[in-house]
Amino acid sequence: QVQLVESGGGLVQPGGSLRLSCAASRSIFSPYVMGWYRQAPGKQRELVTTITSGGRTNYADSVKGRFIITRDNAKNTVYLQMNSLKPEDTAVYYCNVALSTREYWGQGTQVTVAS
């Protein structure tokens, strides 16, 4: 069992930055894929970015060049640095880890981009 706890969400003005954190309750052994998803009101949950146990990253076109996913294996934590935020980035952001046999989700953290 893995518990994921997100933090770092909040209200930010357009053009601003936020950094989200996702802390896992224990070490996660490869192979795995960790990622961030988001869900805006009235919309389906969508992929934002992922990072594999080998370090390969993948980004949705809508966030390329603005968002960066990183991880700290010693802290069992993955981060999402969000820059140049837009109102359309407003959503609940969820952390996810996919193992070979199952996946886990965090509870989500709200990000609101508004002036």
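Things to note:
- Filter pass, ARG71 being surrounded by 15 or more Cβ atoms within 10 Å (Cβ to Cβ), of a type in the set (D, E, K, R) and farther than 20 Å from LEU11 by Cα: yes
- The set of residues from region 80-115 being within 30 Å of PHE29 (Cβ to Cβ) and among the polar types (S, T, N, Q) comprises GLN81, ASN96, SER100, THR101, GLN107, THR109.
- Against the conditions (1) on the phi < 0 side of the Ramachandran plot; (2) in contact with a strand residue (DSSP E or B) (Cβ under 8 Å, 6 or more places away or on another chain); (3) touching a residue at least 12 places away in the same chain (Cβ under 8 Å); (4) surrounded by 12 or more Cβ atoms within 10 Å (Cβ to Cβ), PRO87 satisfies every one except (4).
- Subset of region 100-110 (residues that are in contact (Cβ under 8 Å) with a residue 12 or more places away in the chain and either basic (Lys, Arg) or open to solvent by less than 80 Å² (accessible area, probe 1.4 Å) (or both)): TYR104, GLY106, GLY108, THR109
- Criterion (over 20 Å from LEU4 (Cβ atoms) and either surrounded by 13 or more Cβ atoms within 10 Å (Cβ to Cβ) or within 10 Å of the chain's Cα centre (by Cα) (or both)) met by exactly one of VAL92, VAL78, VAL97, VAL113: VAL113
- Among all residues of region 35-54, there is none that is in contact (Cβ under 8 Å) with a residue 60 or more places away in the chain, farther than 26 Å from PRO14 by Cα and not basic (Lys, Arg).
The values are calculated or read from the model by the stated rules, or taken from the named source; none is laboratory data. Everything quoted here is computed from the prediction, not taken from an experiment. Glycine gets a Cβ as well: all are built from the backbone with ideal geometry, and neighbour counts include every protein chain shown. The protein model used for the area step is the full one, side chains on, heavy atoms only, and it has no ligands, DNA or RNA in it. Shrake-Rupley method; radii C 1.70, N 1.55, O 1.52, S 1.80 Å.
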